[in-house]
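Remarks on the structure that follows.
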Number of protein chains: 2
Amino acid sequence: MSTLTDTPVQPSRDELDLAAVLHALSDPVRLMMVRGLAEVAEGRSCGSFDVPVTKSTCTHHFKVLREAGVIQQRQEGTRRVNTLREEDLEARFPGLLGTILQAARDQLALTARA
Amino acid sequence: MSTLTDTPVQPSRDELDLAAVLHALSDPVRLMMVRGLAEVAEGRSCGSFDVPVTKSTCTHHFKVLREAGVIQQRQEGTRRVNTLREEDLEARFPGLLGTILQAARDQLALTARA
């Protein structure tokens, strides 16, 4: 009987580190996932993302995001549901997540037009 | 006779890539350098930074920043002078650099108080 899966390791709000957050967001697939999470307040599981990676890579990306404090994960039966830590990020680094998400949308729009 | 040192490779404004920019800024030493550059419009050389790394590591960090499009470099005699590409970054990703620099200052202030 393990409770580890119920409480995955993540930094507290005060422990959020800028370099770690930027590193977590510096991967195109993770940026795509975070954009997807920003649209769904109740959270999403790994399988619900249309990303060009295997499930285990997806799981790895979510671990990086969680350990940097960008997302939190909760277990719901067999699903691990991911949600953005928008309030914590906003409190620690005001405007950061919103600006990066907007930049990601701008870049996507530019790429789509090209 | 080489002109390579006069025109180091860097992406054009339209080629700036969000993930690459975030990756360049996801290192504590590079964040420190970019904070230093933001204060000096005329640019600074590697040797002028009070960072806890060797000159060759400093040179490497500036290369990462240049290749991501965060800075540009020009040769002045024996010195390579680095300046932030603030206008290009602002045009491509509005608010991004300013928000990250502010977050870096906030984190530094918080660390100093702790």
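Details
- For B:Val64: the one exception among (1) under 10 Å from the mean Cα position of the chain (by Cα); (2) surrounded by fewer than 13 Cβ atoms within 10 Å (Cβ to Cβ): (2)
- Residues (within 17 Å of B:Leu89 (Cβ to Cβ) and more than 11 Å from the chain's Cα centre (by Cα)) located in region B:28-45: B:Glu39, B:Val40, B:Ala41
- Test: residue in region A:3-17 that is at pLDDT 95 or above, open to solvent by 20 Å² or more (accessible area, probe 1.4 Å) and either farther than 24 Å from B:Met32 by Cα or among the β-branched types (Val, Ile, Thr) (or both): no
- Just one of (1) more than 30 Å from B:Ala112 (Cβ to Cβ); (2) out of contact with any strand residue (DSSP E or B) (no Cβ under 7 Å at 6 or more places or on another chain) fails for A:Leu37. It is (2).
- When the criteria are applied in full, A:Arg80 fails the requirement of being among the basic types (Lys, Arg) and modelled with pLDDT of 95 or more.
- Close pairs (6 angstrom Cβ cut-off, 6 or more residues apart or separate chains): facing chain B (nearest Cβ under 8 Å) in region A:8-31, of a type in the set (Gly, Ala, Ser) and not in a helix (DSSP H, G or I) anywhere: A:Ala19/B:Ser26; A:Leu22/B:Ser26; A:His23/B:Ser26; A:Ser26/B:Ser26
- Considering residues of region A:53-111 that are within 19 Å of A:Val29 (Cα to Cα) and of a type in the set (Ser, Thr, Tyr) only, the residue nearest to the other protein chains (Cβ to nearest Cβ): A:Thr99
- Within region B:59-79, the residues that satisfy the criterion of being touching a helix residue (DSSP H, G or I) at 6+ places or on another chain (Cβ under 8 Å), within 21 Å of B:Leu22 (Cβ to Cβ) and not charged (D, E, K, R) are B:His61, B:Phe62, B:Val64, B:Leu65, B:Ala68, B:Gly69, B:Val70, B:Ile71, B:Gln72, B:Gln73.
- For region A:18-44, a residue qualifies if it is at pLDDT below 90 and of a type in the set (Val, Ile, Thr), and exactly one does: A:Val40.
- Going through (1) at the interface with chain A (Cβ under 9 Å from one of its Cβ atoms); (2) open to solvent by 20 Å² or more (accessible area, probe 1.4 Å); (3) within 14 Å of the chain's Cα centre (by Cα); (4) without any contact (Cβ under 8 Å) to a residue 24 or more places away in the chain one by one, B:Ser48 falls short only on (1).
- Figure legend. Inter-residue proximity from region A:85-114: first residues surrounded by 14 or more Cβ atoms within 10 Å (Cβ to Cβ), second residues at pLDDT 90 or above and of a type in the set (Lys, Arg), beta-carbon distance below 7 Å, spacing 6+ or different chains. Indicated pairs: A:Asp88/A:Arg13; A:Arg92/A:Arg13; A:Leu101/A:Arg35; A:Ala104/A:Arg35.
- Unmet criterion (only one of (1) crowded, with 19+ Cβ neighbours inside 10 Å; (2) out of contact with any helix residue (DSSP H, G or I) (no Cβ under 6 Å at 6 or more places or on another chain)) for B:Asn82: (2)
The values are calculated or read from the model by the stated rules, or taken from the named source; none is laboratory data. On a predicted model such as this, the values are computed, not experimentally measured, just so you know. A quick note on method: Cβ atoms are made from the backbone with ideal geometry, for glycine too, and the neighbour counts reach across all protein chains shown. We work out accessible area using only protein heavy atoms, side chains counted, and drop any ligands, DNA or RNA first. Shrake-Rupley method; radii C 1.70, N 1.55, O 1.52, S 1.80 Å.
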